[in-house]
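Contents: one structure, followed by commentary.
The values are calculated or read from the model by the stated rules, or taken from the named source; none is laboratory data. Here the structure is a predicted model, which means the values were calculated and not measured. With ideal geometry, Cβ positions are generated from the backbone for all residues, glycine too; neighbour counts draw on all protein chains shown. What goes into the accessible areas is simple: the full protein's heavy atoms, side chains included, and nothing from ligands, DNA or RNA. Shrake-Rupley method; radii C 1.70, N 1.55, O 1.52, S 1.80 Å.
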Amino acid sequence: MVYGIVTIGPAGVGKTTMCHALQIHGRLHKRGIYVVNLDPAADTLPYEPDIDVRELIRVEDAMREFGYGPNGGLIYCMEYLAMHLEWLEDKISEFGEDDTLLFDCPGQIELYTHLRAMPQLVRALQESCHVKLCATFLVDAVSIDQPAKFVAAALAGLSAMLQLPVPHVTVLSKSDALGDEAKLEAFLEEGSAVLFVRNQNQIRDEEGRTPNRSHDRLHDAICSVLDDHAMLSYVPFTVKDEDAAAHVLAFCDHLTMYSENAEVNIPRDLDGDSGIDPSVSFPGLG
Ligand SMILES: Nc1nc2c(ncn2[C@@H]2O[C@H](COP(=O)(O)OP(=O)(O)O)[C@@H](O)[C@H]2O)c(=O)[nH]1
Ligand SMILES: [Mg+2]
């Protein structure tokens, strides 16, 4: 069984960095974790991709050939990939028992709201490649700073969840940049979107900041739906904490049932006795 984690979310939210961190975690812990770059517009990558969509098509080619801008070029490339999925299926067939593939995706939000390329890709991974998949939707941890930002980010994640029929976990990325560990912990412990938003509004009222009661009611209603249907689960991630990669991976393993089915596996590019490459260090820890 091959396992897969589709890493999605807006541009700049930290998808590529998290994939790199998980790849390094795999090397350090003797687990076969490989990265599939699905971003045809990626310029430089911090990791060496094990599969790279840029071998099939690059955004510059689409821009030059058809006169598209960067966004149109990217969409063209993803649709081209969706029409040539046999290329990806062929590459994935080289991976085997208990390998985990991280799919580092582009950030264009329309890929997760209404375009067909990503759902087609996910379906092919599941049905043709038999990859056991889950998705991580990344939102910047600063979204828990204000109820309006939190609700908007939750709805973006929900839209992706409705488009891609795989179990999701929402990753609060760059949690170090929030600069408020207590708030992050309170949010994670609360475990309820409604209670979190109500608490934030209470703090706002106590501090004498101007409320918008109609927005409060709307946020409350949306959060009630999220809570009632247990639609979103959250896990924090920062590249500055090595344990955070293990934590995200544990969540994903739970969703794909990796640990119940898999044997611990030595990465294919490491042939030493221990399987640990001493030159590997965690990004962000220098
Ligand atoms: N402070 C902080 N910055 C991060 C973290 N992860 C990524 N970044 C930075 O955010 C920017 C975008 O990251 P990237 O992984 O390329 O985002 P992507 O577009 O979603 O793939 C880069 O400058 C990263 O160095 C993090 O955990 N903490
Ligand atoms: Mg990226």
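Determine whether C252 is buried (at least 16 other Cβ atoms within 10 Å of the Cβ), modelled with pLDDT of 90 or more and touching a strand residue (DSSP E or B) at 6+ places or on another chain (Cβ under 6 Å). In short, yes. Using the structure shown, decide if L155 is at pLDDT below 95 and assigned to a helix (DSSP H, G or I). So L155 fits the description; yes. The set of residues from the stretch 8-21 being in a helix (DSSP H, G or I) and either within 9 Å of the chain's Cα centre (by Cα) or farther than 15 Å from E242 by Cβ (or both) comprises K15, T16, M18, C19. When you scan the stretch 112-140, how many residues do you find that are surrounded by 23 or more Cβ atoms within 10 Å (Cβ to Cβ) and either within 16 Å of ligand 1 (Cβ to nearest atom) or of a type in the set (S, T, Y) (or both)? Count: 7. Taking every residue in the stretch 221-246 that is over 22 Å from C134 (Cβ atoms) and pairing it with any residue that is within 16 Å of ligand 2 (Cβ to nearest atom) and open to solvent by 30 Å² or more (accessible area, probe 1.4 Å), at least 6 positions away or on another chain, the pairs with Cβ-Cβ distances below 7 Å are K240/G284. If you go through the stretch 35-64 and keep only what is open to solvent by less than 10 Å² (accessible area, probe 1.4 Å) and more than 16 Å from ligand 2 (Cβ to nearest atom), you end up with just A62. Every condition in (1) within 12 Å of ligand 1 (Cβ to nearest atom); (2) open to solvent by less than 10 Å² (accessible area, probe 1.4 Å); (3) not in a loop (DSSP other than H, G, I, E, B) is met by P106 except one, and the failing one is (3). Total residues in the stretch 65-79 satisfying the condition of being closer than 14 Å to A124 by Cβ and open to solvent by 30 Å² or more (accessible area, probe 1.4 Å): the figure is 1. Suppose we keep only residues that are within 16 Å of ligand 2 (Cβ to nearest atom) and of a type in the set (S, T, N, Q) within the stretch 97-136. Which one would you say is nearest to G157 (Cα to Cα)? Looking at the filtered set, the residue picked out is T136.
Go through the stretch 193-217 and give me each residue that's among the β-branched types (V, I, T) and open to solvent by less than 60 Å² (accessible area, probe 1.4 Å). V194, V197 - these are the residues of the stretch 193-217 that are among the β-branched types (V, I, T) and open to solvent by less than 60 Å² (accessible area, probe 1.4 Å). Here I51, I33, I5, I24 are screened, and the one residue that is away from ligand 1 (no atom under 16 Å from the Cβ), among the β-branched types (V, I, T) and within 17 Å of the chain's Cα centre (by Cα) is I33.
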